[in-house]
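Heads up, the thing below is written out as structure tokens.
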Amino acid sequence: MSEQNIIIGAPQSSIPGSRPFTCEDCGADVHLAPSGQQLRSERNLRVLCLRCGLALASESGEPFERLTPEQIEEIVEEATAPRPGIHPW
Ligand SMILES: [Zn+2]
């Protein structure tokens, strides 16, 4: 394996428009926000859970890509939403 085309899903998410996916390594349930779904279909990315994604990244030694502005916006919106008791990660 030379190039890793993966995107890591959140274990759970309350970001509007999030959709459930399955980790392609271990079968865990993960969620992708709309920006993640778009990246996935544009680049044909494999969806992995955080654990499998980190394991793969440490094996390959390749750095993670930066978050896109859309992803950062969603994360900030979610993190600052006035909904106590709901944890995006
Ligand atoms: Zn996994």
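Computed values, structure above
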{"item": "Selection within the range 23-46 - more than 9 Å from the ligand (Cβ to nearest atom) and within 11 Å of the chain's Cα centre (by Cα)", "result": "HIS31, LEU32, ALA33, PRO34, SER35, GLY36, GLN37, LEU39, ARG40, LEU45, ARG46"}
{"item": "Which numbered condition CYS49 misses (of (1) within 16 Å of the ligand (Cβ to nearest atom); (2) at pLDDT below 90)", "result": "(2)"}
{"item": "Contacts under 6 angstrom Cβ, first residue in the range 42-63 being touching a residue at least 12 places away in the same chain (Cβ under 8 Å) and within 16 Å of ALA28 (Cβ to Cβ), partner near the ligand (Cβ under 9 Å from one of its atoms) and among the acidic types (Asp, Glu), 6 or more apart", "result": "ARG46/GLU24; VAL47/GLU24; LEU48/ASP25; CYS52/ASP25"}
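The values are calculated or read from the model by the stated rules, or taken from the named source; none is laboratory data. Remember, predicted model here, so these are calculated numbers, not experimental data. Every residue, glycine among them, receives a Cβ derived from its backbone with ideal geometry; neighbour counts consider all protein chains shown.
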